[in-house]
Each structure stands twice: as C-alpha cells, then as structure tokens.
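A single structure is presented below for examination.
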Amino acid sequence: MSTHETDEQAVRTAHTVPDRYRTAVVAHIMVADAPAALSFYRRAFDAVEDFRLDHPEGGVMHAEIRIAGATLMLGDVSEGPFTAPSTLGGTSAALHVFVPDVDALVRTAVAEGAELLQPPADQFHGDRTAILRDPFGHLWVFLTHLEDVSWDELDRRLTGA
C-alpha cells in the first residue's frame, strides 16, 4: 500500500468533507495492541500509515495514520493518564471521519471484524452516516456528505414544520 493518498483520493475527499471539518482537532487514541490496531485500520478503513515510532521494549510509542485524509494519532497504552476503552468497559468519545463512500467502508470494516452499531442511512443533516465499534473498543462515526443543509432547513427537518 502506498504511503500517500493518491491525487484522485485527495480530490474525492476534498468534495466530500464540509469545509468546517477540514481542520478539525486531531484525536490521539490509546489501544492495548497498537500493531494489531494499525493492521486492522489499514484493512478495515483503508488507513495510510504516515509515521510510526516503535518502543524499544516492544509496541508502538506513537503512530500517525490517515483515513480519507483525516489524521489520527495512536499508540499503545503506557503508564500515565491515558487508557484504552477496553479497560474502561466503554468510551466517552467517538471518532467522526468523512469518507467518499460510507457504504463501501462499512462493508469492508465489518468483514474485517468491526461491529456495526448503526448501518449506513441518510440523515436529516445531509450526511449518510454509520456507526461502528472497532475490536479495540473505539467508536467510529463514518459519514459521506450528501448535501449542504441551511440552518433554517435543518430546523425545519427536525421540527417537521
């Protein structure tokens, strides 16, 4: 797999991510087995690994991947304030990523072992959305942008007025 997005992927992504989300906060997640997580994300979400710093004693200290152009940092759980969802029995955050084809991504991710919590469906806010849980306990909301919806139209759709 290439270490950089192809020009075609970058162009598709540029048209499927609303402008206000192009420079979003970069999440840094912790997992119990970062090498396995990196492999899963590559297979299931077509992630591209940009950087990886292996710990001298084994595991991954820090890695950076891109999913549909969105950057994500991750590493193995170590001593300190960070822990993995698997040790908490859940998570308090979900990772939102806009992708060119949410249906195709969900098919691949489920085949690779992701748990489908909400199948792809068109939403009132103008995105086709699906929710998955990866084998490491992280929640993912994948979206394909279908239409720009004004605040007035969003309100109308919500209230049915």
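The values are calculated or read from the model by the stated rules, or taken from the named source; none is laboratory data. Keep in mind the model is a prediction, meaning the values are calculated, not measured. Note that each Cβ is placed from the backbone with ideal geometry, even for glycine, and that neighbours are counted across all protein chains shown. Just the protein is used for accessible areas: all its heavy atoms, side chains included, with ligands, DNA and RNA removed. Shrake-Rupley method; radii C 1.70, N 1.55, O 1.52, S 1.80 Å.
What residue, of Ala104, Ala94, is at pLDDT below 95 and open to solvent by less than 50 Å² (accessible area, probe 1.4 Å)?
Being at pLDDT below 95 and open to solvent by less than 50 Å² (accessible area, probe 1.4 Å) holds for just one of Ala104, Ala94, which is Ala94.
A further question follows. Using the structure shown, decide if Glu112 is surrounded by 15 or more Cβ atoms within 10 Å (Cβ to Cβ) and within 13 Å of the chain's Cα centre (by Cα).
No.
Would you pick out the residues in segment 49-80 that are under 20 Å from Leu105 (Cβ atoms) and either more than 20 Å from the chain's Cα centre (by Cα) or touching a residue at least 60 places away in the same chain (Cβ under 8 Å) (or both)?
Of everything in segment 49-80, those that are under 20 Å from Leu105 (Cβ atoms) and either more than 20 Å from the chain's Cα centre (by Cα) or touching a residue at least 60 places away in the same chain (Cβ under 8 Å) (or both) turn out to be Arg66, Gly69.
If you don't mind, another one. Looking only at residues that are charged (D, E, K, R) and not in a loop (DSSP other than H, G, I, E, B) in segment 47-63, which one is least open to solvent (accessible area, probe 1.4 Å)?
Selected residue: Glu49.
Can you pull out the residues in segment 126-153 that are touching a residue at least 12 places away in the same chain (Cβ under 8 Å), open to solvent by 30 Å² or more (accessible area, probe 1.4 Å) and over 25 Å from Ile29 (Cβ atoms)?
Of everything in segment 126-153, those that are touching a residue at least 12 places away in the same chain (Cβ under 8 Å), open to solvent by 30 Å² or more (accessible area, probe 1.4 Å) and over 25 Å from Ile29 (Cβ atoms) turn out to be Leu146, Glu147, Asp148, Val149.
Looking only at residues that are out of contact with any Phe, Trp or Tyr (no Cβ under 9 Å at 6 or more places or on another chain) and of a type in the set (D, E, K, R) in segment 89-117, which one is nearest to Arg133 (Cα to Cα)?
Glu115
Between Arg12, Arg43, which is at pLDDT below 85, surrounded by 13 or more Cβ atoms within 10 Å (Cβ to Cβ) and in a helix (DSSP H, G or I)?
Just one listed residue meets the conditions, Arg12.
Let me ask something else. Does segment 115-124 contain at least one residue that is at pLDDT below 95 and in contact with a helix residue (DSSP H, G or I) (Cβ under 8 Å, 6 or more places away or on another chain)?
Yes, there is a match, as at least one residue in segment 115-124 is at pLDDT below 95 and in contact with a helix residue (DSSP H, G or I) (Cβ under 8 Å, 6 or more places away or on another chain).
Taking segment 64-91 on its own, how many of its residues are closer than 21 Å to Asp46 by Cα, open to solvent by 50 Å² or more (accessible area, probe 1.4 Å) and in a loop (DSSP other than H, G, I, E, B)?
Result for segment 64-91: 0.
Does segment 112-161 hold any residues that are of a type in the set (Phe, Trp, Tyr) and outside any loop (DSSP other than H, G, I, E, B), and which are they?
Matches in segment 112-161: Trp140, Phe142, Trp151.
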